[in-house]
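> Dropping the structure in here first, questions after.
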Amino acid sequence: MPAEEFVAGWISGALGLVLGHPFDTVKVRLQTQTTYRGIVDCMVKTYRHESAYCLAPFDLIKVRLQNQTEPRAKPGSPPPRYRGPVHCAASIFQAEGPRGLFRGAWALTLRDTPTLGIYFVTYEWLCRQFTPDGQTPSSGTVLVAGGFAGITSWVAATPLDVIKSRMQMAGLKQRAYRGLLDCMVSSARQEGLGVFFRGLTINSARAFPVNAVTFLSYEHLLLSWG
């Protein structure tokens with residue numbers, strides 16, 4: 001049932017994205033900015049000053065828009081650099097050229113290639129561990145397996161996620177990394193090895209509910225159409 005699986009995956013993925021987007025915004029800001037004292041401080045400041053408003057160009061645009069900290073709808077305040085996704089894409093293209101839209105693409109590819117495998121293997125393994133032979137996993141099992149699969153994949157993905165976000169923001173800050181390795185070395189030299197796990201807490205907090213909902217909706221949609 002390829003068509004049913006596609007539609008179920010699309011709907012469940014959309015639900016997960018909607019649920020996880022605010023956490024993703026906080027994660028990106030913690031990884032690329034040093035003005036926040038922690039997760040709560042970042043969430044409070046983002047909520048107070050702005051409305052918390054995927055594939056390399058789309059991810060780049062997402063990161064740039066998430067890093068806008070200019071407050072909106074306040075008289076006398078500076079206008080935001082980007083007025084929306086289309087204006088953001090056009091501005092990047094004009095200022096940084098076509099290659100600018102693919103900034104961080106290698107880091108994104110290296111991040112997602114192994115972690116997607118870890119993601120699905122973890123989910124399947126956990127479902128089999130807690131489901132008797134010949135039976136369908138219960139909703140509780142799917143929720144727990146999906147949640148922990150999300151956390152496990154983000155533990156593996158966060159170091160390259162940090163590098164991806166930094167390379168994507170480098171053009172805006174007029175800082176040029178010579179490549180992925182240079183970004184890794186520069187970040188570790190300046191901020192220590194802990195920098196590669198910046199945002200892991202918020203990633204994990206977001207990953208559990210997002211992926212629990214994603215897998216539960218996916219499995220239930222397939223079951224209802226089966």
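The values are calculated or read from the model by the stated rules, or taken from the named source; none is laboratory data. Not measured: the values here are computed from a predicted model. Quick reminder, even Gly has a Cβ in these numbers, built from the backbone with ideal geometry, and neighbours come from all protein chains shown. We work out accessible area using only protein heavy atoms, side chains counted, and drop any ligands, DNA or RNA first. Shrake-Rupley method; radii C 1.70, N 1.55, O 1.52, S 1.80 Å.
> For region 176-213: of the residues being over 29 Å from GLY150 (Cβ atoms) and among the polar types (S, T, N, Q), which is surrounded by the most Cβ atoms within 10 Å (Cβ to Cβ)?
Result: SER186.
> Among ARG83, ARG103, which is out of contact with any Ser or Thr (no Cβ under 7 Å at 6 or more places or on another chain), charged (D, E, K, R) and either modelled with pLDDT under 85 or open to solvent by 80 Å² or more (accessible area, probe 1.4 Å) (or both)?
ARG83
> Next up: What's the total number of residues in region 117-131 that are at pLDDT below 90 and farther than 10 Å from ALA156 by Cβ?
1
> Continuing with this model, one more query. Go through LYS173, LYS164 for me and flag whichever is surrounded by 22 or more Cβ atoms within 10 Å (Cβ to Cβ), at pLDDT below 95, out of contact with any Phe, Trp or Tyr (no Cβ under 6 Å at 6 or more places or on another chain) and of a type outside the set (S, T, N, Q).
So the residue among LYS173, LYS164 that is surrounded by 22 or more Cβ atoms within 10 Å (Cβ to Cβ), at pLDDT below 95, out of contact with any Phe, Trp or Tyr (no Cβ under 6 Å at 6 or more places or on another chain) and of a type outside the set (S, T, N, Q) is LYS164.
> If I ask for residues that are modelled with pLDDT of 75 or more and out of contact with any Pro (no Cβ under 6 Å at 6 or more places or on another chain), which ones from region 36-77 would you list?
Of everything in region 36-77, those that are modelled with pLDDT of 75 or more and out of contact with any Pro (no Cβ under 6 Å at 6 or more places or on another chain) turn out to be ALA56, PRO57, PHE58, ASP59, LEU60, LYS62, VAL63, ARG64, LEU65, GLN66, ASN67.
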